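Below is one structure, written out as structure tokens; the observations come after it.
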Amino acid sequence: MGVVNVTPDSFSDGGHHASTASAISHARQLIADGADILDIGGESTRPGAATVSTQEELDRVLPVIAGLGDISVPISIDTYKPEVMRAALAAGACMVNDINALQEKGALDMVALSDAAVCLMHKQGTPKNMQQQPHYTDVIAEVSAFLRERIAAAEVAGIARDRIVIDPGFGFGKTLAHNLDLLRELETFCALGMPVLAGLSRKSMLGAITGRDVDERVAASVAAALLAVQRGAAIVRVHDVRETVDVLKIWNAVNGSE
Ligand code: 7PM
């Protein structure tokens with residue numbers, strides 16, 4: 001899964017022509033690089049980031065989805081807002097990536113009414129405060145219990161199990177030690193019976209280990225993606241698609257698959 005962020009530069013006139021065009025060309029590059037899914041998002045979920053209005057998020061992502069009408073890889077919409085889900089699915093997205101695990105009012109029903117796939121992610125706290133003091137007695141058990149509860153809620157709302165992907169939410173209210181525990185024990189989440197998505201790409205946990213800034217974490221990101229796939233991840237959400245695909249091709253070759 002390749003990440004496509006649609007965030008206007010600060011010099012824009014309020015229109016979105018430049019950011020739309022650059023997101024579309026970035027998306028096309030990720031497909032050429034070997035992405036199997038594109039994750040398109042219009043609101044940064046970075047720790048401490050400001051939220052954007054529903055209208056602004058729609059204005060950012062809809063033209064990008066529309067501009068990718070000719071592609072054959074599935075589009076995931078990265079949002080927690082039901083209205084953005086509805087509009088993005090109507091425009092051609094077929095998956096919802098929700099860092100809020102459909103806890104927003106109306107989100108469960110919105111996905112249930114569609115035939116979209118959904119990624120349910122765990123986080124502790126909100127993007128604004130989540131890295132202040134992450135605390136768990138048993139991070140694996142607690143993340144796992146949360147995901148089981150959200151799977152059950154999704155099923156009650158009418159979302160079949162085969163539409164659900166789960167994600168422990170690396171970096172979302174977790175210390176480095178929590179993140180490492182989650183990666184080490186990723187198979188516990190696979191045992192819940194759904195495909196597991198892992199998002200480790202360029203995250204600060206990799207910076208904490210390597211001492212490198214965010215634009216210098218490609219090797220660390222690719223290593224982390226490989227470790228996640230070795231532990232059963234079905235989807236890795238990455239910025240550096242080309243490098244990740246190369247590494248996974250080697251892993252697949254050694255494993256005797258295609
Ligand atoms: C700063 C920190 C900027 C973190 C951006 C991020 C995930 C996700 C994100 C994830 C799923 C990023 C993250 N991370 N969705 N969205 N899983 N499902 O690296 O781990 O883009 S935001």
Problem set entry | Boolean, residue 111 is of a type outside the set (Phe, Trp, Tyr), buried (at least 21 other Cβ atoms within 10 Å of the Cβ) and under 22 Å from residue 53 (Cα atoms) | yes
Problem set entry | Among the residues listed as 212, 242, the single one being more than 18 Å from the chain's Cα centre (by Cα) and surrounded by fewer than 20 Cβ atoms within 10 Å (Cβ to Cβ) | 212
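I need the full set of residues from the range 155-177 which are aliphatic (A, V, I, L, M) and within 15 Å of the ligand (Cβ to nearest atom), in order please.
In the first step, residues of the range 155-177 are kept if they are aliphatic (A, V, I, L, M); the result is 156-157, 159-160, 164-166, 176-177.
Those that are aliphatic (A, V, I, L, M) and within 15 Å of the ligand (Cβ to nearest atom): 164, 165, 166, 176.
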For this session: Answer yes or no as to whether residue 105 is part of a loop (DSSP other than H, G, I, E, B), touching a Gly at 6+ places or on another chain (Cβ under 6 Å) and basic (Lys, Arg).
Result: no
Seminar exercise, completed: Flagged in the range 150-195 as farther than 16 Å from residue 228 by Cβ and surrounded by fewer than 13 Cβ atoms within 10 Å (Cβ to Cβ), in numbering order, are 152, 156, 158, 160, 161, 162, 177, 193
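Conditions (1) away from the ligand (no atom under 16 Å from the Cβ); (2) within 24 Å of residue 244 (Cα to Cα), marked per residue:
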| position | (1), (2) |
| --- | --- |
| 58 | yes, no |
| 69 | yes, no |
| 78 | no, yes |
| 88 | no, no |
| 102 | no, no |
For this session: Considering only the range 21-53, state which residues are among the β-branched types (Val, Ile, Thr) and modelled with pLDDT of 95 or more.
Result: 24, 31, 37, 40
Exercise. Name the residues in the range 85-133 that are polar (S, T, N, Q) and closer than 17 Å to residue 58 by Cα, would you?
Worked result: 97
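Please pick out the residue among 254, 218, 241, 196 that is among the hydrophobic types (A, V, I, L, M, F, W, C), touching a residue at least 60 places away in the same chain (Cβ under 8 Å) and more than 22 Å from residue 131 (Cα to Cα). Don't jump to the end; show me each part of the working.
Working: 254 fails: touching a residue at least 60 places away in the same chain (Cβ under 8 Å); 218 fails: touching a residue at least 60 places away in the same chain (Cβ under 8 Å); 196 fails: touching a residue at least 60 places away in the same chain (Cβ under 8 Å).
Among 254, 218, 241, 196, only 241 is among the hydrophobic types (A, V, I, L, M, F, W, C), touching a residue at least 60 places away in the same chain (Cβ under 8 Å) and more than 22 Å from residue 131 (Cα to Cα).
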Exercise. Is it the case that some residue within the range 220-235 is surrounded by fewer than 24 Cβ atoms within 10 Å (Cβ to Cβ), within 18 Å of residue 166 (Cβ to Cβ), at pLDDT 95 or above and near the ligand (Cβ under 10 Å from one of its atoms)?
Worked result: yes
For this session: Taking the residues in the range 197-212 that are touching a strand residue (DSSP E or B) at 6+ places or on another chain (Cβ under 6 Å) and of a type outside the set (Ser, Thr, Tyr) as candidates, determine which candidate is farthest from the ligand (Cβ to nearest atom).
Result: 198
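The values are calculated or read from the model by the stated rules, or taken from the named source; none is laboratory data. The structure displayed is predicted, hence computed values, not measured ones. Every residue, glycine among them, receives a Cβ derived from its backbone with ideal geometry; neighbour counts consider all protein chains shown.
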